[in-house]
Amino acid sequence: MQTADPFGEEQTLTAKKVVILKGSANWDSAFETLVASLKTLSDFVAKQGIKPAGPSLIVYTSTDDAGFTYQAEIPVDQEPKKSGQGHEHRHITGRRHAEIHPSRLV
């Protein structure tokens, strides 16, 4: 039996456009913070009239004893009409550590 990697599974991603929301959280409120970020990002994409082009991702960018920083990402086929506060869009590719979240959770 193989144990799960506590830091997410390494994925090799093909180039895609994504909308990104950067954030940070402490370990005590990690789940609630990530869910709220995915909801905020999902609402932004929906208000833009854009359908997600795949499952949502959480990419962890740093960790320490107090918490972590991350990027919530949603792949899209078209760029947003305008970026919202704190939202970015860009192409991603290559190997990354990420948790893939089914769209139904957002």
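If the condition is being of a type in the set (A, V, I, L, M), farther than 20 Å from LYS51 by Cα and in a strand (DSSP E or B), then the stretch 11-33 contributes only ALA25. The residue of the stretch 61-106 that is surrounded by the fewest Cβ atoms within 10 Å (Cβ to Cβ), among those that are at pLDDT below 50 and polar (S, T, N, Q), is THR93. Taking the listed residues ILE50, ILE58, the one that is surrounded by 13 or more Cβ atoms within 10 Å (Cβ to Cβ), under 11 Å from the mean Cα position of the chain (by Cα), aliphatic (A, V, I, L, M) and outside any helix (DSSP H, G or I) is ILE58, with no other qualifying. If we scan the stretch 34-46, do we find a residue that is on the phi < 0 side of the Ramachandran plot, in a strand (DSSP E or B) and surrounded by 14 or more Cβ atoms within 10 Å (Cβ to Cβ)? No, the stretch 34-46 contains no residue that is on the phi < 0 side of the Ramachandran plot, in a strand (DSSP E or B) and surrounded by 14 or more Cβ atoms within 10 Å (Cβ to Cβ).
The values are calculated or read from the model by the stated rules, or taken from the named source; none is laboratory data. Just so you know, these numbers come straight off a predicted model, no measurement behind them. Cβ: placed from backbone, ideal geometry, glycine included. Neighbour counts: every protein chain shown.
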